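Just below is one structure, and these are the notes that go with it.
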Amino acid sequence: MTTPSFAPPTLPSLRIDWSNLPGLSLEKDPALLAHWDRLNAARGDLPFLAGRAVCTALRTLGQGKERLLIGSHGADVVAMFMLLPQDKLRWQTFQPSQVPLGAWVAIRDVCLQDLARSLLRGPLGFCLGLSITQIDPVVAPRMPDAPDNLHSDYIDTGWIDLLGSFDAYWSARGKNLRQNMRKQRVKLAADGVKLTLRVLRDHADMAPAVARYGRLESAGWKAQHGTAIHPDNAQGRYYRELLEQASLSGEAVVYEYLFDERVVAMNLCLQRKGVLIVLKTTYDESIQSLSPAFLLREAELQELFAQGQIRRLEYFGRLMDWHTKWTEHKRTLYHLTQYRWPLLKRLTQARRRTTDATGEVATTNSPPTDPTRPSE
C-alpha cells in the first residue's frame, strides 16, 4: 500500500467568515462536534483528532486559553481550528506533546495556506504570525513556500503496510532482526517462560491498563525526567479518558506482552477504518538481555496479519533506527508558519542567518520564527 494522500486543492480560494469561541465550546455544543467530526472525516479521519478526543485533550492538557475558530462559507462550516495564543501578536495550533498533529480540520478542497491567511487577517485581531504545527502531508499536501509563509520540516515518521502474509513480510526483514527474535524466543522457551500477547478492547479494561502502563513506564528513564504516565497526572488522565471514550466505539486497543504473569511491554493504540495508530510504547527496562518491546511488536504484527482487519500501522513519532528494522516507509511531517506580511518573513530569515553565523542559540518557542511543540 502506498501512502494515502490527497490531491492538491483545486477550488479557488473561498471567502470565509470566522467565529471565535472559547475552546471548550466544542464539547458543549453537539452541532459543533458533528461539524468537527465531519471535517475530520474529510481529511485523514484520525481518531486522536475526533471531536471528543480533542475535548479530552483540552480538559486534561489545555491551558484554558484555547480558542475555537469556526470558518463558514455561506451556510456551510468548512474549517475549524483549535488555537492557542503565544503572546499578544502570535498564535499557534493547540499542540500538547501527547497529540501527534496540530488540532484543525477542514474540507478537502481548500488549501491550508489560504485558511492560514484568512485566519491571520480576520478573527485573530492584529496578529503577526500563525503557526500550524506538525502537519501530515497525507492530511494536507505540502505546498511550495509563498512570499508570506514558510514550510519547515518537523520529523520523519514511519508506517507499515500490512499486505499479504506475515511470513512474506517477515522474510523481507533484515537477517539480524529475524535471527535475534528467534534466539530470544528460543532462550525464553528453554527457561520455561510462557509468552503471552494480551489484547484489551473493553471499556472496563482501559483504566487498569493505563495504570499498569504508568507503573511500567515510571520504573524507567522517563520517571527521572518527569515525563512518565501516572494515573494522577495530566497525561495519565488524558490517555485513560481518550482510551475509555474510544473503547465505546471499538477504536481503543491495548497490547500487552507477558513473561508468565509479568507484563514486560505495552502499546497504547487507537484504530479506525483499517488503520492502527500506536500512541505510546513502554517496556520493562530492568530486562537487559532481551528486547520485550521487539517481542511485543513481532507478536502484535503476527496477530494483525492473521486477523486481516488492519491494513496499515502508523507511528507518528520520530523515525528512529529501530523503526527502520520494521519498515522501509517514511514521510516528513512539517510546520507551516504564516506571516502577516512578506517583509516579516524576510526579516525573520535575515535574523536567523545572523544567528546561525554568530553561533547563538535561537529560542524554540517563538513562532512565527520557529513553530515547535513542547517535548514530552
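Taking the criterion of being outside any loop (DSSP other than H, G, I, E, B), modelled with pLDDT of 95 or more and either open to solvent by 30 Å² or more (accessible area, probe 1.4 Å) or at negative phi (or both), the residues of the stretch 120-140 that qualify are Gly129, Leu130, Ser131, Ile132, Thr133, Ile135. Summed over the stretch 159-189, the residues that are in contact with a strand residue (DSSP E or B) (Cβ under 9 Å, 6 or more places away or on another chain) and under 15 Å from Leu301 (Cα atoms) give a count of 5.
Taking residues in the stretch 342-356 that are closer than 11 Å to Leu128 by Cα, and partners anywhere that are loosely packed, with under 14 Cβ neighbours inside 10 Å, the pairs with Cβ atoms closer than 8 Å and at least 6 places apart or on different chains are Pro342/Pro147; Lys345/Pro147.
Looking at the stretch 234-262 only, could you name the residues that are open to solvent by 30 Å² or more (accessible area, probe 1.4 Å) and in a strand (DSSP E or B)? If the condition is that a residue be open to solvent by 30 Å² or more (accessible area, probe 1.4 Å) and in a strand (DSSP E or B), then Arg262 is the only one that fits. Search the stretch 145-180 for residues being assigned to a helix (DSSP H, G or I) and charged (D, E, K, R), and hand back the single one that is farthest from Ser291 (Cα to Cα). Within the stretch 145-180, the match that is farthest from Ser291 (Cα to Cα) is Asp167. On the stretch given as the stretch 191-211, residues that are assigned to a loop (DSSP other than H, G, I, E, B), open to solvent by 50 Å² or more (accessible area, probe 1.4 Å) and under 17 Å from Phe259 (Cα atoms) total 3. Among residues of the stretch 269-297 that are under 16 Å from Gly158 (Cβ atoms), those with a Cβ under 8 angstrom from a residue that is of a type in the set (Val, Ile, Thr) and open to solvent by 30 Å² or more (accessible area, probe 1.4 Å), sequence gap 6+ or separate chain, pair up as Ala293/Thr281.
Looking at the stretch 21-92, the helices (runs of 4 or more DSSP H) lying wholly inside it that each contain 1 or more residues that are touching a Cys at 6+ places or on another chain (Cβ under 9 Å) and open to solvent by less than 30 Å² (accessible area, probe 1.4 Å) sit at 25-28, 30-42. Within the stretch 318-361, the set of residues being modelled with pLDDT under 90 and open to solvent by 50 Å² or more (accessible area, probe 1.4 Å) comprises Gln349, Arg351, Arg352, Arg353, Thr354, Asp356, Ala357, Thr358, Gly359, Glu360, Val361.
The values are calculated or read from the model by the stated rules, or taken from the named source; none is laboratory data. Values in this document were obtained by computation on a predicted structure and should not be read as measured data. Ideal geometry is used to build each Cβ from the backbone, glycine not excepted, and the neighbour counts take in all protein chains shown. Side chains included, ligands, DNA and RNA excluded: accessible areas come from the protein's heavy atoms. Shrake-Rupley method; radii C 1.70, N 1.55, O 1.52, S 1.80 Å.
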